[in-house]
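Q: Could you have a look at this structure, given as structure tokens, before my questions?
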Amino acid sequence: MSGSAIPEQFRAFVAEKVAEADPPSLRRGVRTVDRDMLPEGKVEVRVGWSSVNYKDGLATRIDGKVARISPLIPGIDLAGEVIASTDPGIPVGRAVLAHGYELGVARHGGYTEFQRVPAEWVVPLPPGLTARDAMAIGTAGFTAAMSVAALEERGLEPADGPVLVTGASGGVGSTAVAILAEGGYEVWAATGKPEEAERLRTLGATGILGRDEVTAQGRPLESERWAGAVDAVGSATLPYVLRTLRTGAAVASSGNAGGATLETTVFPFILRGVALLGMDSVNVPIGRRRELWDRIATDLRPRDLGRHCNEVTLDTLESALDGIVAGSARGRWIVRIGG
């Protein structure tokens, strides 16, 4: 973009492989970077907020197998203000957000004071949401909203019965609890962190299940319990969910923090007609993405939006990146980048 509005230098959090190290290592931290480091894009953004997601943690580890370029400015989501644009649909001064696609993985992401993004990745911030709100939701919350929308599109309604959310203390899970509760559902939260029970009840959970109950071995089919489910864990909990769903119910699956393998039987599918719905929030087409964000601002708005977030800055980001991979996340970590 000619006539860039981005300063020649600014601050960013950078992760870079150390080529000469043996064994291989990675250097990460805040540094001053040149404008020329940024990729091309029709929209230039002064970034105000980003967030911390599991993929961000992996992208800043030498063994994370996520980052596809080095050096990399991580951060798979961002929100801020347009300071230059060659797209007439995204004017200067517009509050926007971006997430998914290659952001923070194969293209520099949100942990920076300024960024360029393709216009077809940009979501204008819907009325009723601030940039902080958007990142309090972030990629994890978008995945939660996408999950609830998918269940409702298959016919799930509050009157159908209880809905289970696994990994409920994490970003996807806690937001799913808050969205479902605000929508009038009876929500049950499964978590391996008993100390999180009070917070989850505040978000609207009717009941709490411990890790042992949802990870134990069981029969191929058990009593029909759940009218729907959001699974944010993966192999540790998904077998339990499948064998306890009611006839015709569905689970929206997005997580692999508990493992990527799936050991189950065909019986939930062929005897109860349950459905396993995969949630790929990275590659959602922009039209659908913008539509879902409009709903997040209205009928899919989480209860107590932004109240249960932990704020960090670029300078204090490292501990959050380590914590989310270690499983110590409690709700959402958001990154304050703008002044």
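Q: Consider residue 42 carefully, then state whether it is surrounded by fewer than 21 Cβ atoms within 10 Å (Cβ to Cβ) and either at pLDDT below 95 or of a type in the set (Gly, Ala, Ser) (or both). Walk me through it before giving the result.
A: On the way: surrounded by fewer than 21 Cβ atoms within 10 Å (Cβ to Cβ): yes; either at pLDDT below 95 or of a type in the set (Gly, Ala, Ser) (or both): no.
Judged against the criteria, residue 42 is not a match.
Q: Specify which of the listed residues (166, 206, 244, 202) is more than 20 Å from residue 54 (Cα to Cα) and under 23 Å from the mean Cα position of the chain (by Cα). Let's see the steps before the verdict.
A: Values: 166 fails: more than 20 Å from residue 54 (Cα to Cα); 206 fails: under 23 Å from the mean Cα position of the chain (by Cα); 244 fails: under 23 Å from the mean Cα position of the chain (by Cα).
Exactly one of 166, 206, 244, 202 is more than 20 Å from residue 54 (Cα to Cα) and under 23 Å from the mean Cα position of the chain (by Cα), namely 202.
Q: While we're here: May I ask you to list the residues in the range 78-113 that are in a strand (DSSP E or B) and either under 18 Å from residue 323 (Cα atoms) or basic (Lys, Arg) (or both)?
A: Kept after step one, since they are in a strand (DSSP E or B), are these residues of the range 78-113: 78-85, 95-99, 103, 107, 112.
Of everything in the range 78-113, just one residue is in a strand (DSSP E or B) and either under 18 Å from residue 323 (Cα atoms) or basic (Lys, Arg) (or both), namely 107.
Q: Looking at the range 262-286, which of its residues are more than 30 Å from residue 99 (Cα to Cα) and crowded, with 16+ Cβ neighbours inside 10 Å? It would help to see each step written out before you state the result.
A: Restricting attention to the range 262-286, the residues satisfying the condition of being more than 30 Å from residue 99 (Cα to Cα) are 263-274.
264, 268, 272, 274 - these are the residues of the range 262-286 that are more than 30 Å from residue 99 (Cα to Cα) and crowded, with 16+ Cβ neighbours inside 10 Å.
Q: Another question, if that's okay. Given the conditions (1) closer than 30 Å to residue 308 by Cβ; (2) open to solvent by 50 Å² or more (accessible area, probe 1.4 Å); (3) at pLDDT below 95, which single one is not true for residue 22?
A: (1)
Q: Here's another thing I want to ask about it. Within the range 79-125, track down each residue that is under 22 Å from residue 313 (Cβ atoms) and among the small types (Gly, Ala, Ser).
A: Within the range 79-125, 79, 80, 95, 98, 104, 109, 110 meet the criteria.
Q: Now for a different question. Does any residue of the range 316-329 turn out to be more than 16 Å from the chain's Cα centre (by Cα) and within 17 Å of residue 181 (Cβ to Cβ)?
A: no
Q: Same structure again: Give the range 82-93 a look and list any residue that's surrounded by 17 or more Cβ atoms within 10 Å (Cβ to Cβ) and closer than 19 Å to residue 132 by Cβ, or say none.
A: 82 - this is the single residue of the range 82-93 that is surrounded by 17 or more Cβ atoms within 10 Å (Cβ to Cβ) and closer than 19 Å to residue 132 by Cβ.
Q: If residue 163 meets every condition in (1) β-branched (Val, Ile, Thr); (2) buried (at least 24 other Cβ atoms within 10 Å of the Cβ); (3) closer than 20 Å to residue 327 by Cβ apart from one, which number is that one?
A: (3)
Q: Looking at (1) open to solvent by 10 Å² or more (accessible area, probe 1.4 Å); (2) touching a Phe, Trp or Tyr at 6+ places or on another chain (Cβ under 8 Å); (3) under 16 Å from residue 10 (Cβ atoms), find the lone condition where residue 50 falls short.
A: (1)
Q: Could you check the range 236-327 for strands (runs of 3 or more DSSP E) lying wholly inside it with 1 or more residues that are modelled with pLDDT of 95 or more and hydroxyl-bearing (Ser, Thr, Tyr)? Talk me through it step by step, then tell me what you get.
A: Working: elements: 250-253, 275-278, 309-313.
Hits in the range 236-327: 250-253, 309-313.
Q: Then there's this: Considering every residue within the range 252-261, establish whether at least one is surrounded by 13 or more Cβ atoms within 10 Å (Cβ to Cβ), aliphatic (A, V, I, L, M) and either on the phi < 0 side of the Ramachandran plot or touching a residue at least 12 places away in the same chain (Cβ under 8 Å) (or both).
A: Within the range 252-261, the subset surrounded by 13 or more Cβ atoms within 10 Å (Cβ to Cβ) is 252-259.
Then drop every residue that is not aliphatic (A, V, I, L, M), which leaves 252, 257.
Then drop every residue that is not either on the phi < 0 side of the Ramachandran plot or touching a residue at least 12 places away in the same chain (Cβ under 8 Å) (or both), which leaves 252, 257.
Yes, there is a match, as at least one residue in the range 252-261 is surrounded by 13 or more Cβ atoms within 10 Å (Cβ to Cβ), aliphatic (A, V, I, L, M) and either on the phi < 0 side of the Ramachandran plot or touching a residue at least 12 places away in the same chain (Cβ under 8 Å) (or both).
Q: Related question: If residue 100 meets every condition in (1) surrounded by 15 or more Cβ atoms within 10 Å (Cβ to Cβ); (2) within 15 Å of residue 117 (Cα to Cα); (3) free of Cβ contacts under 8 Å to residues at least 60 places away in the same chain; (4) touching a Lys or Arg at 6+ places or on another chain (Cβ under 8 Å) apart from one, which number is that one?
A: Evaluating residue 100 over (1) surrounded by 15 or more Cβ atoms within 10 Å (Cβ to Cβ); (2) within 15 Å of residue 117 (Cα to Cα); (3) free of Cβ contacts under 8 Å to residues at least 60 places away in the same chain; (4) touching a Lys or Arg at 6+ places or on another chain (Cβ under 8 Å) leaves (3) as the failure.
The values are calculated or read from the model by the stated rules, or taken from the named source; none is laboratory data. Everything numeric in this text was worked out from a predicted model, so none of it was measured. Note that each Cβ is placed from the backbone with ideal geometry, even for glycine, and that neighbours are counted across all protein chains shown. For accessibility, only protein heavy atoms count, side chains too; no ligands or nucleic acids. Shrake-Rupley method; radii C 1.70, N 1.55, O 1.52, S 1.80 Å.
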